[in-house]
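Every number here is computed from the coordinates shown, using simple stated rules; none is lab data. These numbers were taken from a predicted model, which means no experiment stands behind them. Every residue, glycine among them, receives a Cβ derived from its backbone with ideal geometry; neighbour counts consider all protein chains shown.
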Amino acid sequence: MTPQTITTSILIAGVDEAGRGPLAGPVMAAAVILDPAQPIAGLADSKQLSARRRDELEEEIKERAWAWAVARAEVKEIDTLNILQATLLAMQRAVGALNPAPHLVLVDGNRCPALPCRAEAIVKGDQSVPAISAASILAKVARDRELLSLDELYPNYGFARHKGYPTKDHVAALEQWGVTPVHRRSFGPVRKLL
């Protein structure tokens, strides 16, 4: 592949997020421009894949894609902006980090961030658009790794198991041990305990 090949193609980036629903940790977004000459078998919505398969595909995506980027919005940004706006911000950051820049961005869901190029929202795009599936996998793997790190910092909360989602165990740990700096204070179950 030569730089000329890239510039004569329409570059389409897929974008997806991970971590909108959890009570803790950042929300992550990824953007991926796949190389049509190097298709990747097995791309799917990250939630439908095992952790091991996601890890394998993450490596393949990073090796074969024309461009990829993972970005985040921090807990303070989530609490200040709200989760939707923080998610859109993380998506903007991921797309902005792509080199080369895309001509068109396809976003999983029903909302697009403000971008300098054309963007389209595709409901369930992570199940039908390979570039969005690839972004879904990168975002999920990055967020899961982040939560494993948080589990080491805050071992009483079980982040490695529930990844910050509001499980019974997580809510019980919050009630027993209190709110940490990585918890989203704007989310009901956390706000209730402050």
Gained length - residue 20 relative to residue 153, 0.36 nm times residue gap less alpha-carbon distance
45.7 nm
Alpha carbon centre of region 139-171 versus region 68-121: separation in Å?
23
Along the charge dipole of the chain, Cβ charges K/R +1 and D/E -1, which of 22, 44, 176 sits furthest on the positive end?
176
Only helices at least 30 Å long along their axis, Cα-based, and averaging -1.0 or more on Kyte-Doolittle count here, so list those DSSP H runs from the chain.
130-153
Return the FRET efficiency for the residue pair residue 185, residue 85: r is the Cβ-Cβ distance, R0 is 22 Å, and the value is rounded to the nearest 0.05.
0.90
Under 17 Å from the residue 117 label point (7 Å along Cα→beta-carbon), backbone N, region 85-100
91-100
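If you count, for each residue, the other Cβ atoms within 10 Å and average over each peptide, how do 48-56, 60-68, 145-153 line up from highest to lowest? Could the numbers behind the result be given before it?
Details: 48-56: 13.3, 60-68: 18.1, 145-153: 15.6.
The packing order, highest mean first, is 60-68, 145-153, 48-56.
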The chain, dipole about Cα centre (Lys/Arg Cβ +1, Asp/Glu Cβ -1), debye to the nearest 20:
520
Reachable lysines from residue 76, Cα under 22 Å, same-chain residues fewer than 8 places away excluded?
140, 163, 192
